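Colleague: Just dropping this structure here.
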Amino acid sequence: SLIGLPQPPTITHQSPKDYIVDPRENIVIHCEAKGKPHPSFSWTRNGMHLDIDKDPKVLMKPHSGTLVMDIGGGERAEAYEGVYQCSAHNELGTAVSNSIIIRQSRSPLWSKERISPIIAQKGQSLILHCRPPAGLPPPIIFWMDNNFQRLPQSRRVSQALNGDLYFSNVQPEDSRSDYICYARFPHTQTIQQKQPISVRVLDNKPTEERAPVFMVPSESVSSKMVLRGEVLEMECVADGLPTPAVSWVKHNGEIPSGRASFLNFNKTLRITDVSEVDAGEYRCIAKNRHGSAQHTIRVTVNAAPYWISAPRNLVLAPKEMGIITCRAAGHPKPSIRWLVNGLPIEDAPEDPSRSVEGDTLIFSEVQTGSSAVYQCNASNQYGYLLSNAFVNVLAEPPRVLTLPNIVYQVIMNKPALLECVTFGSPVPTITWFKDSRSSMLEGNAYVFHENGTLEIHMSHPSNSGKYTCVARNSLGLSENHVYLEVKEPTRILRPPEYRVVQRNRDVVFECKAKHDPSLVPTMTWLKDDRELPDDERFRVDSDSLTITDVTESDAGRYTCIMNTTLDQDSASAQLTVVEQPGVPTDLELTDQEARSIQLTWIPGDEHNSPIKKFLIQYEDALHQSGVWHNLTEVPGTKTTAHLKLSPYVHYSFRVLALNEVGFSRPSMPSRQYRTSPAAPDENPTEVKGHGTEHNNLVITWKPLTPLQANGPGLQYKVMWRQQDMEKDWTSVSVANVSKFVVSGTPTFVPYEVSVQAVNDYGPGPKPSAVIGYSGEDFPSAAPGDVRVLVLNSTLAEVRWSPVSPESVRGRLQGYKVQISSLSVFMSIYFLLHFRLFVYLFLVSTFDLDSLMLEWGPPYERNGRLTGYTFKYQTGLLEELDLPSNQSSFTLHNLPHSTRYKFYISARTQRGAGPTLTEEAVTVLDRGTSDFVLFFIFINKNKQFFSPTVVTSSLAPPLHANVPSSVSEDGALISWEYWGPEKHLYVEYIIDNSKNPKEKVNGSQFHVLKGLKKGLAYKVRVVARGHDDRAVHHSEELLVKVPAMVSPQVDIATQGWFIGLMSAIALLILILLIICFIKRNKGGKYPVKEKEDAHGDPEIQPMKEDDITFGEYSDEDHKPLKGSRTPSSGTVKRDGSDDSLVDYGDSGDTEFNEDGSFIGQYSGRSDRDARHDSSKPLSPVNAMNSFV
């Protein structure tokens, strides 16, 4: 600290040179100074010493030179006007202030005058003079009316710099009686007004237009002087009719754009902070259609003195030397005058150590006691400058003024400044050391400033540590320690990204940053470089900004700033808010023609997403009022569309705009436009002809829409004729339909068909004909000469002769070959005239609990055969892999009466081929695995005409085409049928009997139960129509029931029975052991008493409730849960399981000649229905679920 060191006075605060005071307030003239010892103050007024004690109204503040003049007691402020100067002095010298001119502000009244009304002819120029009273400072002028409303100004009417109101040409609307000029005096805050001026504009003569003429300035050339740093204002006001426009140019130069402005409708050019480069010639030009006028203003820039190098204080040690310089500039060039302690230097006592050379004071070999305050005065005709600088002669050892142990923190790669502020006389030298004083810092990495500051250009972590500065002079040394810490910079790693978001959605800006862990970060978000709106929708988290429910006003640039105490980093991103386009408006219809019209519109706001296209919709108020249809689309750059129209439509149009967000709301509908009716332009499409019965032709078409009808009374003219047979067309007109049925046609013949649209205004264009066929009928013949050649155990060849085309009576789809046996069947469709080798997949039963499967290799192997994949299932699917040389497989230990499904496919190295599927049922008898081939000739409707039975050579022939199998459960009857009838019956009677016994519905197989052993039954399958007439029936099948004994289950072999008997035996053994032990105990045993009390249990009568041992519940015979029903269980199919006994007394029944039964048909009894619902699903019924 420098406290206690002697110091000459220094002025620290003073009033301005030109000080205008308010006469209603006290006058305060400031003068503050410092020094050691503290200086005393004195004043001069107008160059004479001011004795403050003689005027009680004048006071000086304690420990200050500030004067306060109290004029509140009636004293006039103008009595204290003058030039004041303050002096501050102590034993080391005297400092002086500027010369301060005190003037009282003035706001004089307007002089009384009588202003006559002004009468002007329309088109003339006019000047209304203000001429305000001279005030201090000058007043501010403005024009208003009686209602204190500013008068409107324009290029034609404007106020000049001197306050006058100029009219380039008057118009009738300028007539008024309250043109009032107001003057506002800023210091006193008073406003005075001039007497109102009345203006009346006459419009009784023709007005002649004229070229511009300048009203201000009046001459062609004028001059303007301005001081450097002040404001230059130039104006040009011209009259003319029409009103001229004014422009400005600078000769041989440019008007400075940054400091220049054009005011008062371009009539005033204003340049701020004038410098010498603004001098030159300026030209204002006034133009209208009749000519132009020019005026040149020559601008001269002068300058009051201004500092180039102001004098600075100087501290010297005895015997040292030094200089004080005082350099100032101005135009004209200022003169330099030196003073010492407030006196001209030439009048001051001589000092041999001091010399003056122009603007420089030179000191050499100074002595103690040579301290003084020197003043430099630089002046020219436009002003002066005054500055104080002291010379203080001291002998002081070094002092380090910087506080000790300061910790400087700096960001890596930034410069570091370590201060070492010192004082000493002579001026000490500064040296720096790091960590220890073993080596002085030096080199290009460091900069040593004159004030002792050490600068490190690029800070690195290695620069961290302790630094020592040492100050030395001839009187001693001083040192100080400071510390430097280099921190990691703050960096934004993931800046916010540009976002485009829809209105009312949410948006998140991420801003992830890293910083030095020892610094405390602060995240700040800005919107458009200002604080975020005070809105709860803006949520700031540690590393993100979330804006919910975004609105249009949220669009802008968002900046995240990561601040620490040392540095910051920032990143910005733009938010664009988009939404659907605005609604198009102003729909207009033009260029109206019979079949077209022009539609124009004005698009709505794009909402920051360019419009891609416009969708034009129409409403037909005549046919579909309230329903809008899409008509056409146009690119988003267009706002007009040429629309093609249809006749007989009442059009209204609307437009929707589409951008990336979606469609806008529809525009308001256009006005309605109605087109005139006309004949149809087109005929129905998709015309077809086909038959649904063997003697009809159904003609169908796609009807026209109301828009295609073109007029009222729309009908369809349907025309047809047999191709190549009929020359004339048969036609009929229909309406409101899309098909017509022609009856009585031959079976499956071609017809030419056409449909034409007709309305009240005429027919449509001539339609083109299409070919259609009348309906089909059943084929009238079956294939003949059917032959079967068995090639081996797995291969059979089937041949037949094709049918004639006439017998097909429709489109021939192909032939169907059926292969059937008791346990497996296969159906194959063949194309016409094809010869095919069938590779069979056979399943045979050769034991009670086994199935053997046989197959042949694939006809086309497509590579080397690697094996077969074999799968079978009842519930779970089992899978086996078999070698390629195997062609059969046997499954053993299978449950009785169970249906199995088998899958087999061949494999090559590239994968498996198609899968062949078969089904089989295990049975109790060893029936022969015979198969029958049914060849059914089929057409498109897949209906058979008549079956032909062919027997293979692998087994004896069957009695009929309905195979059967007899077991202890009953007779299994199976069949195949492809006809349309849904009512199938299995009918059977006892051989040689005349009465029917049972009829039931079935599907593909059925089990006849309750057949009597040793009897023979006739069985056939009948298909009946809706009228209960037998349409198809199979040949009769003779089924003989052998007199066989059903296998009985030996209870002694059942596991549960053996377990029960073992448990009973073990219990009896335990009881015997207990009795034996008790009987062998010592002592007497009162047997007789107990026998008398309880009696002999062996002779006591047994209660019926106790008779439980040895009885067996029916539950013993029920299967375990989850097991299959045994073969003795009841098997039903579609409820047709009536016993033969139920019909034993129903009378004699026999077949009629037409294949039907004689007698009455009866359904199941109620007993059967109740009995049926309680029984579990049989395995055979489970088989039906596969079919």
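The values are calculated or read from the model by the stated rules, or taken from the named source; none is laboratory data. Fair warning: this is a prediction, and the values are worked out from it, not measured in the lab. So basically every Cβ, Gly included, is an ideal-geometry build from the backbone, and we count neighbours across all protein chains shown. Note: areas computed on protein heavy atoms with side chains; ligands, DNA, RNA excluded. Shrake-Rupley method; radii C 1.70, N 1.55, O 1.52, S 1.80 Å.
Colleague: What residues have an amide H closer than 5 Å to that of residue 323, excluding those fewer than 5 places away on the same chain, when H is modeled at 1.01 Å from N in the peptide plane?
Modeller: Placed amide hydrogens put 363 under 5 Å from residue 323.
Colleague: Counting Lys and Arg as +1 and Asp and Glu as -1, what is the net charge of the other residues whose Cβ lies under 11 Å from the Cβ of residue 903? Can you show the working numbers first?
Modeller: Details: positive: 871, 901; negative: 878, 879, 918, 919.
Combined, the nearby Lys, Arg, Asp and Glu give -2.
Colleague: Could you give me D for region 437-478, from Stokes-Einstein at 10 °C and 1.306 mPa s, where the hydrodynamic radius is the Kirkwood radius over C-alpha pairs? Units µm² s⁻¹, please. Before the final figure, lay out each step's value.
Modeller: Values: Rh = 12.2 Å.
Estimated diffusion coefficient is 131 µm²/s.
Colleague: Continuing with this model, one more query. Between beta-carbons, use under 13 Å as the cut-off and find the net charge around residue 562, counting Lys and Arg +1, Asp and Glu -1.
Modeller: On the way: positive: 491, 494, 512, 514; negative: 488, 510, 516, 543, 567, 569.
Once all neighbours under 13 Å are counted, the net charge is -2.
Colleague: Going by amide H atoms built from the backbone, whose H comes under 5 Å of the H on residue 698, apart from near neighbours?
Modeller: For residue 698, whose amide H was placed from the backbone, the distant partners under 5 Å are 690, 691, 692, 742.
Colleague: Now, a different point. Within region 133-229, report the GluC sites (Glu not before Pro) that DSSP leaves as loop and that have at most 15 other Cβ atoms within 10 Å.
Modeller: On the way: sites: 173, 208, 209, 219; in loops: 208, 209, 219.
The qualifying sites are 208, 209, 219.
Colleague: Counting only protein heavy atoms, what percent of the accessible surface of region 502-637 is carbon or sulfur at a 1.4 Å probe?
Modeller: Details: 3070 of 7180 Å².
Carbon with sulfur: 43 percent of the solvent-accessible area.
Colleague: What fraction, in whole percent, of alpha-carbon pairs in region 270-390 exceed 26 Å separation?
Modeller: On the way: 3089 of 7260 pairs.
Here the long-distance tail beyond 26 Å is 43 percent of all Cα pairs in region 270-390.
Colleague: At a 1.4 Å probe, what is the % contribution of carbon and sulfur to the accessible area of region 388-485? Don't jump to the answer; show the numbers that get you there.
Modeller: Working: 2660 of 4900 Å².
It is 54 percent, rounded to a whole number.
Colleague: Something else about it: How far, in nm, would the chain grow between residue 510 and residue 903 when pulled straight, counting 0.36 nm per residue and subtracting the alpha carbon separation? Kindly include the intermediate steps, with their values, before the conclusion.
Modeller: Values: separation 393, 0.36 × 393 = 141.48 nm, distance 6.14 nm.
Full extension of this stretch gives 135.3 nm more.
Colleague: Taking K and R as +1 and D and E as -1, what net charge do the other residues with C-beta under 11 Å from the C-beta of residue 449 add up to?
Modeller: On the way: positive: none; negative: 419, 450, 455.
Local net charge: -3.
Colleague: Follow-up question, since we're still on this one. Using a 1.4 angstrom probe, figure out how much accessible area region 164-308 has per residue, in square angstrom, rounded to the nearest whole. Could the numbers behind the result be given before it?
Modeller: Details: 7030 Å² over 145 residues.
Accessible area per residue: 49 Å².
Colleague: Now a separate question. Loop only per DSSP, at most 14 neighbouring Cβ atoms within 10 Å: give me the chymotrypsin sites (Phe, Trp or Tyr not before Pro) in region 53-152, ordered by residue number. Intermediate results must be reported in sequence, preceding the final value.
Modeller: Working: sites: 80, 84, 110, 142, 143, 148; in loops: 110, 148.
Those satisfying the criteria are 148.
Colleague: Where the centroid of each part is defined by its Cα atoms, how far is region 304-335 from region 539-606 in Å?
Modeller: Computed from Cα coordinates, the inter-centre distance equals 62 Å.
Colleague: Name the residues whose placed amide hydrogens come within less than 5 Å of the amide hydrogen of residue 342, ignoring near sequence neighbours (fewer than 5 apart) on the same chain.
Modeller: Here the answer is 375, since their amide H atoms fall under 5 Å of that of residue 342.
Colleague: With viscosity set to 0.692 mPa s at 37 °C, what whole-number translational diffusion coefficient in µm²/s follows for region 186-302 from Stokes-Einstein and a Kirkwood radius over Cα pairs? Each step should come with its number before you reach the end.
Modeller: On the way: Rh = 16.4 Å.
The estimated diffusion coefficient comes to 200 µm²/s.
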